[in-house]
Amino acid sequence: MVLSYSNDFPRNAIGASITRRAVLKSALLGATALMSGSLLAACATTASDDDAEPEAPASDDAVDEPDVADDEPIDQDDDDDSVADPDPPDDDDAPDERPELVVGVQGLPETLDPYQHLSNVGTRVTYSLFDHLLERQFEDGDPPGTGSGIGPMLAESWERIDDLTLEMQLREDVLFHDGTVLTAEDVKFTFERSLFDTPEEMLDAEGYVSTISEIEIIDDYTIRFHTHEPDPLLEIRLTSWATWILPKAYYESVGIEGFALDPIGTGPYRFVEIQPDNHLVLEAFDHYWGGLPPASRVTFRVIPEVSTRVAAIVSGEVDIVTNIPPDHVGQLEDADGVRVQTVPLANVHLLRYNVNHPPLDDRALRQAMNLAIDRELLVETLWSGMADVPRGHQFPEYGDMYNPDRPIPEYDPDRARELVAESDYDGEPIVFRVSPFYYTNGIESAQAIIEMWNAIGLNAEVEVRDNPYDEGPEAIMVTNWSNSSFVADPDGALWLRWGEDYPGTKEFFWEPEDERFYELGAEARTTLDQEFRYEAYQTMLDIWEEEAPGTVLYIPHEIYGVREGIEWQPYSFYYMDLRANNLRIS
């Protein structure tokens, strides 16, 4: 269910002499007044995003979903006699003494096909339903939760046969939730579904694995991936979004719409029911190859308002809450039986501009807008220092691909005013659309940024919509977004979110004027020459900053509230790992 509405912010015109503090004070007062009104009373659902972008309306060619009442849970049929019973036969009548886990979240995905909903709210729950061939070892990082090593998952071993071939040996003890056995046929089907005759709903997912040319079955448990060119990142791609393994037979029996409503995977928990604007229920899959799940049942409860999420964990109604802004940390720290856990994200909050929408088709104006943003002030005031201004569109976890000497984005309001004067801008409104609940501090930062823009002579305003894309992406001028480091490499953020393979970039917002951006990005993902790759990405960053189709804001530290008795490590990506090796409940 998608509910759409809009509220117009009153625009506070301010003079050039206003102080930096006054900008933030005005922004925060505006955001607070808005949030205390009818907006919070609305029945709000989150819109989907790429790492976090509200979902654009489906095209006219999309296949209609089966009719399901908005208030009717979608249930998995556990009485289907055509498949093996996935419950352990010896425990059918025994009470399950494991506790249930309740997680308060800001939103849920509208579809549980993980390839159709590549988003923060989606991957949080799909990590319990599905497995990858390989696993990113987040727990081994410093600090914990930030590691980028690679370990076995559904594949127990792997080796490079040559520069174009990766061979993998699958585990032989893996069951899907319907009791069928995982084989190489399921792996082959999973990737061919994305790569060949790709459904429109999965065009974004295809870009993640487009280096693969062929999936070859050697035997039931041995498979080879062949690539068009050498892919230096193939192994870590297989730990990432758009590589969850699906059951071939079941998927073919229910189709793309049926699978999205009633999914089956190999993960530690299986699907029970969902109401996208209310809750998602999973239950333990006790035949999970990775060990007995520590919770008997997991409920993700939608609690859009931050204050209500905080109250829910303080009162004991929920066990974990997500997406907590810094100004609520003190309340959690003062509560009995609650602790705060944080992890620096490999995810950057940013803006993107529709360069096809006047007046944003003027590069000088976009550059001025970027120079007008005081990112350090946003971090200090909105995040209480619990965020970092990045050195451009890159993450430290890139390792050798990270440039620690690249400067942070410049703040220069005087130069910004000069660029506004040099541009063709004549005072028309610049509308910043934002979703009310999707991003932590999303409204507050939007309100602050438009005040900074107004201070350099623009006529900017904020518009809040449950789904900023409800009129189609072409109607958007400015919106907030986030980009994640999917594969601990520039290919996983800069290229997969701004490159040629990402449909949202070319079709909706930006196609680079400098053709080197596409050329270098394509070559960097098909060579093993790390020195070339490093230089290529630095040039691409230069182009991106010069053409200014958007700008980075800050890398937040994700904040969770966790009840005592729960041992759980959050990750730098939005995966919520509730497996036995990462969750203990006493």
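Read-outs throughout are calculated quantities, based only on the coordinates presented, and are distinct from any laboratory measurement. What you are looking at is a predicted structure, and each value in this text was computed from that prediction instead of being measured. Cβ atoms come from the backbone with ideal geometry, glycine included; neighbour counts cover every protein chain shown.
For this structure, a couple of remarks:
- Rounded, prolate or oblate (a/c below 1.5 giving rounded, otherwise prolate when a/b exceeds b/c) for the range 191-240 by Cα gyration tensor: oblate
- Remark on Ala460: its backbone amide H falls under 5 Å from those of Ile430, Asn454, a criterion applied only to residues 5 or more positions apart or on other chains, H modelled at 1.01 Å from N.
- If R0 is 22 Å, the Cβ-Cβ spacing of Glu97 and Asn581 corresponds to a FRET efficiency of close to 0.60.
- Within the range 315-445: Cβ-based charge dipole about Cα centre, in debye rounded to nearest 20 (Lys, Arg +1; Asp, Glu -1): 340 debye
- The range 182-271: translational diffusion in µm²/s, Stokes-Einstein, Kirkwood Rh over Cα pairs, 37 °C, 0.692 mPa s: 236 µm²/s
- Positive end of the dipole of the range 253-382 (Cβ unit charges, origin at the Cα centre): among Phe285, Asn370, Ala311, the Cα lying farthest that way belongs to Asn370.
- Distance between the 7 Å Cα→Cβ label points at Ser307 and Asn356: 4.1 nm.
- Put in order of Cβ neighbour count within 10 Å, fewest first, the listed residues Thr505, Thr190 become Thr505, Thr190.
- Treating r as the C-beta distance of Glu519 and Val181 and R0 as 56 Å, the FRET efficiency rounds to 0.80.
- Computed over the alpha-carbon atoms, the range 96-149 gives an Rg to Rh ratio of 1.04, Rh here being the Kirkwood radius from the mean inverse distance.
- Translational diffusion of the range 442-523, µm² s⁻¹ [Kirkwood Rh, Cα pairs; Stokes-Einstein; 10 °C; 1.306 mPa s]: 106 µm²/s
- Between Glu273 and Ser315, the simple spin-label model (points 7 angstrom out along Cα→Cβ) gives 2.2 nm.
- Karplus 3J(HN,Hα) series, Hz, for the range 549-566 with 6.51 cos²θ - 1.76 cosθ + 1.60 (x for Gly, Pro): x, x, 7, 6, 10, 6, 9, x, 8, 6, 10, 10, x, 9, 6, 4, x, 10
- Kirkwood hydrodynamic radius of the range 116-175, Cα pairs, Å: 13.5 Å
- Residue-by-residue Karplus 3J(HN,Hα) for the range 265-276, coefficients 6.51, -1.76, 1.60, Hz, glycine and proline x: x, 10, x, x, 10, 10, 6, 10, 7, 9, 10, x
- Cβ-to-Cβ counts within 10 Å put Thr539, Thr440 in ascending order as Thr539, Thr440, the fewest first.
- Prolate/oblate/rounded label for the range 311-367 (Cα gyration tensor, a/c 1.5): prolate
- Projected area averaged over orientations for the range 306-429, convex hull of C-alpha atoms, nm²: 10.9 nm²
- With 10 Å bins from 0: P(r) over the range 504-586, alpha-carbon pairs, percent: 14, 28, 22, 20, 15, 2
- Amide hydrogen neighbours beyond the local backbone of Tyr269, cut-off 5 Å, H modeled: Phe285
- Tail weight of P(r) past 22 Å, computed on alpha-carbon pairs of the range 242-400, percent: 67 percent
- Charge dipole of the range 504-580 about the Cα centre (unit charges at C-beta), most positive-ward option of Tyr575, Thr505, Ala522: Tyr575
- Cα gyration tensor shape of the range 107-240, rounded if a/c is under 1.5, else prolate or oblate by comparing a/b with b/c: rounded
- Residue order, fewest to most surrounding Cβ atoms within 10 angstrom, among Asp414, Asp204: Asp414, Asp204
- Label-to-label distance, Glu252 versus Glu192, with points set 7 angstrom from Cα along the beta-carbon direction: 0.8 nm.
- Long-range amide H partners of Ala346 with built H, under 5 Å: Phe573
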